[in-house]
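These notes are about the structure you will find just below.
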Amino acid sequence: MFSATPPSPCFHKPFLRPLSPSTAGLISKPYVSFRPTTRFVHLSSSITNWRFSCFKHDESSSLEHTVSETSDDTFPGEIVELDREQPNVKHNWVSNFRKVLDAILSADPWAVPWTAKTILQVMLLWITSFWLVGSWIIPFVAHTAGFRKECLTYRGQALYSLLTDVVEGITGIAILKLCLSSFRPLSSDWFKFSIKGNWHLDVGLGCLMFPLVNRLSQVNLNLVPMPPPSPITVSNVEQSIVARDPMAMLLYAIVVSVCAPIWEEIVFRGFLLPSLTRYMPVWCSIFVSSVAFALAHFNMQRMLPLVFLGMVMGTVFARSRNLLPSMLLHSLWNAFVFIDLMR
């Protein structure tokens, strides 16, 4: 493609650009002098740039025109790159995506002072406490107080769910604090929660992934069909939406859009993802923590979308090292699903 030999001394006939009418009126009987100058481009091949000086008689004033290179001026086997290239939107998009991918692949791991034993201990205790509080402790306390969840109104059930979720979250944070107490103080990038930083664009790009997450939900349902609906399997949230109780819907919105994102992001993105970087790269930690996040929902019909959503939130968190962006993205997704159920 590129010629390794220097240009031939026999130059091609240059391309002359016509003078403008105003310039042509100022010049009479011009003579043309050729002065070759050589310009090097980053392709390591030289091309000849011709200048034409047009003089009126023998006066010292001159008007020089630099003739731009065209395909006629190139030598055989040479390719001349234009100084100004047309913008390539597709190339820019791919380039930006590669920058994000490279940033994740080359991201530095967290300084993890604990071992796999502590990681397993925290996760097992969190899952166990989640199950005990929601399935045994809260129902036992409610039964002791003299009421059952099934007998409550829609608002009562919504309040019951909110209290249960708050107790589960506080218990999980208490377990996390207790298990990591011997490793304090932690470095500044652990459990960071800050409004500062350039993370707003990442959250916006994450929201653009919501239609794809929704599409994966349909694919997952085709692979693992949902069992036939029955009054027992219909959730309290769906029953409240059907009843159109505004107070109950507000309480459920707080549960799914505020409480759940806070507790889950602290555990899966704040603790599990960084902890795994002690044994694997950041990108692999994002994937493994996303699988654990999906499995913790105990719903095979939502496995694929939850894994993908976890990877999106994990990427946002890994780039910012800040829990607020992933919590906000998680909250927006849950709100998106909740609003979709209300239609």
(request) Please state which one of 308, 317 is surrounded by fewer than 24 Cβ atoms within 10 Å (Cβ to Cβ) and either of a type in the set (Ser, Thr, Tyr) or in contact (Cβ under 8 Å) with a residue 40 or more places away in the chain (or both). (result) 308
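Quick grid of which residues meet (1) part of a helix (DSSP H, G or I); (2) at pLDDT below 90; (3) at positive phi:
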{"residue": "187", "(1), (2), (3)": "no, yes, no"}
{"residue": "191", "(1), (2), (3)": "no, no, yes"}
{"residue": "196", "(1), (2), (3)": "no, yes, no"}
{"residue": "202", "(1), (2), (3)": "yes, no, no"}
{"residue": "211", "(1), (2), (3)": "yes, no, no"}
{"residue": "219", "(1), (2), (3)": "yes, no, no"}
(request) From 331, 326, grab the single residue that is within 23 Å of residue 198 (Cβ to Cβ), surrounded by fewer than 23 Cβ atoms within 10 Å (Cβ to Cβ) and not basic (Lys, Arg). (result) 331
(request) Considering (1) more than 25 Å from residue 253 (Cα to Cα); (2) surrounded by 15 or more Cβ atoms within 10 Å (Cβ to Cβ), say which one residue 168 fails and leave the rest. (result) (1)
(request) Name the single residue, out of those in segment 106-143 being modelled with pLDDT under 90 and loosely packed, with under 11 Cβ neighbours inside 10 Å, that is farthest from residue 167 (Cα to Cα). (result) 106
(request) Would you please list the contacts, defined by Cβ atoms under 9 Å and residues six or more apart or on different chains, that run from a residue in segment 236-258 that is modelled with pLDDT under 85 to a residue that is surrounded by 15 or more Cβ atoms within 10 Å (Cβ to Cβ) and charged (D, E, K, R)? (result) 236/149; 240/155; 245/155
(request) Quickly run through segment 157-178 and pick out the residues that are within 31 Å of the chain's Cα centre (by Cα) and either in contact (Cβ under 8 Å) with a residue 12 or more places away in the chain or not in a helix (DSSP H, G or I) (or both). (result) 162, 165, 166, 168, 169, 171, 172, 173, 175, 176
(message) Please determine whether any residue of segment 280-289 is at negative phi, modelled with pLDDT of 90 or more, among the hydrophobic types (A, V, I, L, M, F, W, C) and in contact with an Asp or Glu (Cβ under 9 Å, 6 or more places away or on another chain).
(response) yes
(request) Sort through 275, 285, 289, 331 and tell me the only one that's under 28 Å from residue 226 (Cα atoms) and in contact with a Phe, Trp or Tyr (Cβ under 9 Å, 6 or more places away or on another chain). (result) 289
(message) So the check is Cβ under 6 Å with 6+ separation or different chains; which pairs have a first residue in segment 263-277 that's assigned by TED's automatic domain parsing to the domain that holds residue 187 and a second one that's assigned to a loop (DSSP other than H, G, I, E, B)?
(response) 270/191; 274/110; 275/112; 277/109; 277/110
(request) Spot the failing condition for residue 273; the list is (1) aliphatic (A, V, I, L, M); (2) modelled with pLDDT of 95 or more; (3) more than 24 Å from residue 195 (Cβ to Cβ), and only one is missed. (result) (3)
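The values are calculated or read from the model by the stated rules, or taken from the named source; none is laboratory data. From a predicted model like this one, the values you see are computed outputs, not experimental measurements. Positions of Cβ are backbone-derived with ideal geometry, glycine not excepted, and every protein chain shown enters the neighbour counts.
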